[in-house]
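The values are calculated or read from the model by the stated rules, or taken from the named source; none is laboratory data. These numbers were taken from a predicted model, which means no experiment stands behind them. Note that each Cβ is placed from the backbone with ideal geometry, even for glycine, and that neighbours are counted across all protein chains shown.
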Amino acid sequence: MTAVIKPSRTLYVPHPFGLTFGDVGDVVTQHAVVSAMLVAAETMDARGMRDAGFRWVTDDLRFRQLRKRRH
């Protein structure tokens, strides 16, 4: 999607849709994502995409959807 839209600057965070900043209650990851976003906003001086280096390690989204839990 980013390649089609071509925004001026993009920070890539490969988390599930709706959980971009981290899991519910995961304050440490949420703060880290916001911090990375602010650093990217200050330091990216040209168009492009920067990988923030985050990884989603818990593969429980499907389980939550099946149990109809909030996520």
Which is part of a helix (DSSP H, G or I) and modelled with pLDDT of 85 or more, of V4, V33?
V33
Restricting the first residue to the stretch 31-56 and requiring it to be under 12 Å from S8 (Cβ atoms) and touching a residue at least 12 places away in the same chain (Cβ under 8 Å), which pairs with a second residue that is among the hydroxyl-bearing types (S, T, Y) and in a helix (DSSP H, G or I) meet a Cβ separation below 8 Å and a spacing of at least six or different chains?
M49/T2
Report yes if some residue within the stretch 22-29 is touching a Lys or Arg at 6+ places or on another chain (Cβ under 6 Å) and surrounded by 12 or more Cβ atoms within 10 Å (Cβ to Cβ); otherwise report no.
no
Restricting to the stretch 36-59, and then to whatever is part of a loop (DSSP other than H, G, I, E, B) and either among the hydroxyl-bearing types (S, T, Y) or loosely packed, with under 12 Cβ neighbours inside 10 Å (or both), can you tell me which residue is modelled with the highest pLDDT?
G53
Is one or more of the residues making up the stretch 9-21 closer than 18 Å to W56 by Cβ, loosely packed, with under 11 Cβ neighbours inside 10 Å and among the hydrophobic types (A, V, I, L, M, F, W, C)?
yes
